[in-house]
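No lab work stands behind these numbers, since they all come straight from the coordinates. It should be emphasised that the depicted structure is a prediction, and the values quoted were computed from it without experimental measurement. Reconstructed Cβ throughout: ideal geometry from the backbone, glycine too, with neighbour counts over all protein chains shown.
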Amino acid sequence: MSDTIAAIATGNVMSAIGIIRLSGDKAIDIASAVFSPSSGRKLSDYQDRTLVLGVLHSSEGDILDNCLCTISRAPNSYTGENTAELQCHGSPTVLRLALEVLFANGARQALAGEFTKRAFLNGRMDLTQAEAVIDLIDAETGEAAKNAAGQLGGAILRRTDKIYNDLVDIITHYHAVLDYPDEDIEEFEMKSYTDTLKKAREELQSLLSTFERGRIMKSGVRVAIVGRPNAGKSSLLNALLGYERAIVTAIPGTTRDTIEEFVTLGGVKLRLADTAGLRGTDDPIEKIGVDRAKSAAEASELIMAVFDGSEALCSEDYEAIETSKSAKHRLAVVNKRDLPHKIDMSVINSNFEVVCQVSALDRTGLDELGKAVASFFPMPAAPAGEILTNSRHADAVGRALISIDAAVFAMISETTPDIVLTETENALNALGELSGKTVRDDITARIFERFCVGK
Ligand SMILES: Nc1nc2c(ncn2[C@@H]2O[C@H](COP(=O)(O)OP(=O)(O)OP(=O)(O)O)[C@@H](O)[C@H]2O)c(=O)[nH]1
Ligand SMILES: [Mg+2]
């Protein structure tokens with residue numbers, strides 16, 4: 001028995017269509033009580049997933065909307081339960097009234113992620129698929145959306161399921177060995193088990209190696225824009241964002257504090273920090289700003305050092321060159337290409353492997369800048385969905401790897417079988433956490449709390 005939950009699945013904004021979902025034992029009964037098909041037939045007479053035209057009415061019989069309704073019976077639905085979906089007109093008021101009438105007929109408000117949690121608990125999807133639902137909704141780049149869609153289709157499970165089953169075989173065998181200590185493990189069996197574990201290790205290592213890029217897909221690359229005052233750092237941030245986020249003036253030292261914004265450039269999600277212009281100053285506020293600029297630079301994986309192409313290089317530009325050396329990736333952005341050039345490009349070219357000429361004012365050269373950024377963060381040659389983006393998954397795969405290593409070592413060095421068994425079981429549990437087979441309830445609860453209501 002499951003109680004029946006209801007929620008608005010679309011946003012709380014005026015739109016053409018707004019959807020309300022219902023799931024639980026009484027979902028179809030409750031929908032039937034509030035929705036009357038125009039055909040005069042009963043809603044429950046319709047086949048699953050048929051769109052039925054009709055009216056939604058209040059308990060007093062007032063018409064709330066002319067809308068569509070569709071039902072799916074357990075277990076063939078998203079949640080695995082009886083479900084109904086009302087496609088109303090997208091007025092927040094209509095949707096609120098519709099929800100109230102559903103509550104009056106026995107449904108209750110769904111909690112955040114409760115539909116997907118039920119889908120997981122009813123075996124309709126594993127935990128990686130459920131998590132992919134949030135990733136898909138949150139995806140900010142095309143690559144992130146494609147990967148999340150692949151994970152929703154069970155890509156991670158397909159990669160790890162075979163390993164999981166192999167580990168189960170080994171564990172079963174070692175249990176037998178421990179129960180009947182007189183039976184030796186045949187040498188060929190031993191060889192086949194070590195081979196299986198070594199293959200599992202390779203497979204998991206290749207999966208884990210995708211996480212560096214996957215993490216970027218989800219959280220973005222930390223990027224600092226540094227340079228001398230007036231080089232056009234804030235103008236560049238604004239140009240990349242497409243709106244005037246930071247104050248821009250012709251007065252050097254305009255930006256004092258660091259300003260962080262997410263932006264997608266060259267298909268890569270960036271956590272971009274505009275910083276105070278680097279220069280020696282007696283102004284105590286600006287001094288703090290310059291210190292913050294240096295800290296932002298140190299914390300960044302990529303530094304964009306901005307130069308004013310219409311001016312000759314000065315000592316502050318050399319400071320920017322030095323500051324940029326702390327980053328793993330760095331590129332020079334020679335700005336103001338709309339003005340006559342005075343900068344000595346040989347200095348820039350000899351200090352930076354990647355140089356882009358742009359005009360933040362005219363917003364030109366930004367595509368080339370995007371291509372340069374993309375070249376620093378190539379996508380792994382893995383099919384969509386097989387890039388790990390979630391630190392929970394990476395952590396579980398990492399622990400499985402450590403345990404498999406220990407199990408292989410124990411096998412090769414012919415230590416007691418119970419060590420092989422324990423380590424293989426640890427690896428199995430870690431992999432089980434991925435799919436949710438062995439994950440703790442409080443962790444599952446936390447995962448679903450991150451969802452929006454209605455999903
Ligand atoms: N012609 C031209 N002017 C630009 C360009 N980019 C910025 N500027 C001008 O340069 C001046 C300084 O721009 P900002 O973006 O404030 O420079 P900044 O590097 O953030 O300066 P601070 O915050 O003082 O460190 C402003 O007058 C901008 O309009 C450009 O591409 N071409
Ligand atoms: Mg600025």
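Couple of notes before you dig in:
- Length-normalised contact order of the stretch 5-110 in % [C-alpha pairs under 8 Å, at least 6 apart]: 36
- Residues with amide H under 5 Å from that of Thr438, placed H, sequence gap 5 or more: Glu433
- Loop-resident trypsin sites (Lys or Arg not before Pro) (DSSP state other than H, G, I, E or B) in the stretch 1-50 with no more than 15 further Cβ atoms inside 10 Å of their Cβ: Arg41, Lys42, Arg49.
- Mean residue ellipticity at 222 nm, helices only, the chain: -14500 deg cm²/dmol; runs of at least 4 DSSP H residues each add -39,500 (n - 2.57), and the sum is divided by the number of residues.
- For the pair Asp62 and Lys162, the difference between a 0.36 nm per residue extended length and the Cα-Cα distance amounts to 30.4 nm.
- FRET efficiency estimate (nearest 0.05) - Cβ-Cβ, Ser15 to Ile285, R0 45 angstrom: 0.50
- Computed over the chain, the percent of Cα pairs more than 39 Å apart is 47.
- Span-rule helices in the chain, defined as complete DSSP H runs reaching 30 Å or more along the axis (Cα) with Kyte mean at least -1.0: 155-179, 187-208, 391-412
- Shape call, the stretch 229-376: gyration tensor on alpha carbons, a/c limit 1.5: rounded
- Bridges between two residues of the stretch 229-376, per DSSP, are antiparallel at a rate of about 45%.
- Net length gained if the chain between Ala112 and Arg245 were fully extended (0.36 nm per residue, minus Cα distance): 44.6 nm
- Dividing the convex hull volume of the alpha-carbon atoms in the stretch 328-455 by its residue count gives 205 Å³ per residue.
- A crude spin-label estimate for the pair Ile412 and Glu311, with each label 7 Å from Cα along the Cβ direction, gives 6.0 nm.
- Whether the stretch 5-110 is rounded, prolate or oblate, judged on the alpha carbon gyration tensor where a/c under 1.5 counts as rounded: rounded
- Our estimate of slack between Asp48 and Glu212, defined as 0.36 nm per intervening residue step minus the Cα-Cα distance, is 54.7 nm.
- Applying a DSSP loop filter and a limit of 14 other Cβ atoms within 10 Å to the GluC sites (Glu not before Pro) in the stretch 59-160 leaves Glu60, Glu140.
- Normalised by residue count, the stretch 324-388 yields a Cα convex hull volume of 116 Å³ per residue.
- A crude spin-label estimate for the pair Lys198 and Ser91, with each label 7 Å from Cα along the Cβ direction, gives 7.1 nm.
- Among beta bridges identified by DSSP and lying wholly in the stretch 5-110, the antiparallel ones come to about 95 percent.
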